[in-house]
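A short reminder: the numbers here are calculations on the coordinates, not readings from a lab. In this text the structure is predicted, and so the values were computed from the model without any measurement. Please note: Cβ atoms are built from the backbone with ideal geometry, for glycine as well, and neighbour counts cover all protein chains shown.
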Amino acid sequence: MCKRVLGKSTTKQSNESHSSDPIVLTRDQHPVSRKLISPSALKVLYRLNKGGYDAYLVGGGVRDILLGIQPKDFDIVTNATPEEIKALFRNCRLIGRRFRLAHIVFGREIIEVATFRGHHDTSDKKTTQKTSKQSEHGMLLRDNIYGSIEEDAERRDFTINALYYSAKDYTVHDFANGVADIEARQIRLIGDPETRYREDPVRMLRAIRFATKLDMNMSKETEAPIKELGPLLENIPPARMFEEFLKLFMSGKAEENFNLLREYGLFKYFFPLVDQQLNQQTNIYIQPFIQQALRNTDKRINNDQRVTPAFLFATMLWYPLQEQIQQLQNGAHLTPQDAFFGALSEIMSEQQRSIAIPKRFQAVMKDILILQDKLTKREGKRAFKAFEHPKFRAGYDFLLLRSEIESTYSESGESSTLVELAKWWTDFQNNSHETKEQMIKTVSSNRIGARRSPRKRRKPRKKPTDIS
Ligand code: ATP
Ligand code: MG
């Protein structure tokens, strides 16, 4: 990062958590240049300024540029109300209930514009109740009180996220010593950590996410309350937990985030059944299995390859599913199919209480899990049918992962069938049609008990009697 920022940031004590007087860095004191900002975001900033409003780039957009990273998106904040923003932009839609926001749409890019947020402890109780709401745990359920830029800065989560860039005079306003914390590579909550976590427990997840994403450490005060306040995450709606899951597990740092979430006892609020199995340590495969899947996902994301969260859901739930199948089969005479679907539905209804997995991902996850059985049955036309399945590739990758982990960690030789099966499918894909047919024949004749009893010949149907 630019040395000029370093020089300036040392003018204030870095352990001050907030202040209403910002440090103002002029253009020659910071590296934020218009070339590094999306043209759409610049357009929005200019249009708001021209309309007579204050407008700043804020949050990740400024923070990441200071860190020399390309920002994922550009968020803007202004003193214009959502309605006033809407009046300025034709391509604007207002969204959100908890936080009312404007989305300005430029083709595939969306610029999020928020109005400065204010404090909640105003004496005017009547208006406060209408616009803000707090739960019995201190959680903010609605947060639509508008305020000044100073108030807005205090309502942001971390010091490094309370940096504001103005396109009017190209200054960066640092309200909470965020630049100093960037220098010190510290994730530090603004204000009293416990209060801030109670207001919004998701900030605990954000602290972990920023620590891994930016390769920083949490400050002592920011880290300290997490283990105790973790249970507050139970109050977060499953749909929001799903969003956080995506940010934590589908952004190239899944393995590190998993490790930290486990360390701070927060993983169980995403996958309670998995967490239980991990803690019991009775299944030797589950930990390396999940870890390897996360590592592969990170690798794919960092190589710009496609990934689907459905694969991770299948990975997470595979061993809890196996356990549930066994439990259902214990003593009960269920067909393998009934046991599988019964167990799956029980696991899913439990899982959905933590994360609301959208139906489209559930469907793909189910396909991957079902394919694990289909891939073992290769006689007749079955192998070709499985091969043509739209999710064959994901199912096959999943099988490979299972065989890789089970063969590495198995204490007995029980994994050899799985390894053979995975190898068979690898060969099958690479062979010509004739060889594929030959492979299927070999499987059929090799499989003990695989030969079906000869089909009974159907009696030829009686010809309908001619009634005419
Ligand atoms: P990235 O987009 O790279 O994940 P970001 O910091 O831009 O990081 P966003 O979720 O896009 O994160 O939020 C934009 C800004 O809004 C943040 O930088 C922060 O200032 C503020 N913010 C977001 N979520 C919260 C929260 N739960 N509590 C307080 N402030 C928040
Ligand atoms: Mg952002």
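Any of 43/220; 72/268; 366/423; 43/213 with alpha carbons more than 30 Å apart? Name them for me. Violating the 30 Å limit, Cα to Cα: 43/220. Reported to the nearest whole Å, the Cα centre-to-centre distance from the stretch 315-364 to the stretch 225-247 is 23. Peptides 335-341, 55-61, 82-88 ordered by packing proxy, namely the average of other Cβ atoms within 10 Å per residue, highest first: 55-61, 82-88, 335-341. Against the chain, whose longest principal axis comes from its Cα atoms, helix 309-329 is set at around 50 degrees. Computed extension gain for residue 69 through residue 360, at 0.36 nm per residue and net of the alpha carbon distance, reaches 101.5 nm. Each residue of the stretch 242-250 is assigned a 3J(HN,Hα), and the resulting list reads 5, 4, 5, 4, 4, 5, 7, 10, 10 Hz, derived from the Karplus form 6.51 cos²θ - 1.76 cosθ + 1.60 (θ = phi - 60°), x at Gly and Pro. Convex hull volume of the Cα atoms of the stretch 187-278, normalised per residue: 89 Å³. Estimated from helices alone, the mean residue ellipticity of the chain at 222 nm is -15000 deg cm²/dmol (sum of -39500 (n - 2.57) over DSSP H runs with n ≥ 4, per residue).
Which number do you get for Rg(Cα) / (2.2 N^0.38 Å) in the stretch 235-297?
Scaled against compact globular proteins, the figure is 1.10.
Between amide H atoms placed 1.01 Å from N, distances below 5 Å from residue 158 occur with 190, all of them 5 or more places distant or on a separate chain. Remark on residue 106: its backbone amide H falls under 5 Å from those of 111, a criterion applied only to residues 5 or more positions apart or on other chains, H modelled at 1.01 Å from N. Taking label positions 7 Å along the Cα-Cβ direction at both residue 381 and residue 335, the computed distance is 1.9 nm, reported to one decimal.
In this structure the amide hydrogen of residue 163, modeled in the peptide plane, comes within under 5 Å of the amide hydrogens of 59, none closer than 5 places in sequence on its chain. In summary, the aspartates and glutamates within cross-link reach of residue 86, defined as a Cα separation below 15 angstrom excluding same-chain residues under 8 places away, comprise 112.
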